[in-house]
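The numbers here are math on the coordinates, done by the rules we state, and not lab data. Keep in mind that what you see is a predicted model, and the values were worked out from it rather than measured.
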Amino acid sequence: MGKAKSIRVSAEILSFSDFYNLCESSFKFLINNFSFKIHLKRKASGYYLIVYKNSKTALEIDFDIREQIIFISLHKLIDGKFMDYTKCINYDADAGILHFGIDDLIDLRAPDMRIEQVGYPNILSESKARSILKSYASFLKEHATQELQGSFDGDEKKGRGGAPLSMQKFDKGLTTNVGEISDIYRLDAGSTR
């Protein structure tokens, strides 16, 4: 039997310090405009995590090393603290929506926007990571200021009658929302039809 050859990866995995520096430069507006502070920096086996936090909102930026994907989530804080997500997935009857991935918000508010991730088996380069983080930061600045200020569902626009205002991705603009997005979570399980 022949010896197995080792395969040398030509691209290097993004280092924690490079990831942190990219986050710092892309999201400095959180500190300057929304009173965020860096709450946590963690390098663990399998992921890097940077958490920005102000008194009402936290922004988690995860880099999954194995999958080579960046994931960002927004968290509504209660009394300046994270909720216990083992008891409540993403909604609390009193507090409303508690957290969600930024990609879901992009689908709702900027459906034409696409942030292309690299994904395994490809290696995320520093330049691609910079591009992804800057795209997410740009989206937050333009479309998510109310969440950055702590309002996750209270300021949603009420529905209206009449012709649709825009061409929605899923239905070509043929539906009109009535009520708030958070109302769906207040319904009993059998009441959604």
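So between Lys28 and Ile123, what do we pick up on full extension, going 0.36 nm a residue minus the alpha carbon distance?
On the way: separation 95, 0.36 × 95 = 34.20 nm, distance 2.57 nm.
Result: 31.6 nm gained on full extension.
Multiply the residue separation of Arg42 and Ser151 by 0.36 nm, subtract the distance between their alpha-carbon atoms, and state the gained length in nm to one decimal.
Numbers: separation 109, 0.36 × 109 = 39.24 nm, distance 2.71 nm.
Between Arg42 and Ser151, full extension yields 36.5 nm more.
Give me the one-decimal Kirkwood hydrodynamic radius in Å for segment 34-82, with the sum taken over alpha-carbon pairs. If you can, show how the numbers build up before the last one.
Values: mean 1/r = 0.0889 Å⁻¹.
Result for segment 34-82 stands at 11.3 Å.
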Once phi is turned into ³J(HN,Hα) by the Karplus curve 6.51 cos²θ - 1.76 cosθ + 1.60 with θ = phi - 60°, what whole-Hz value does each residue of segment 122-130 show in order, with x for glycine and proline?
-> 6, 9, 6, 7, 4, 5, 5, 4, 4
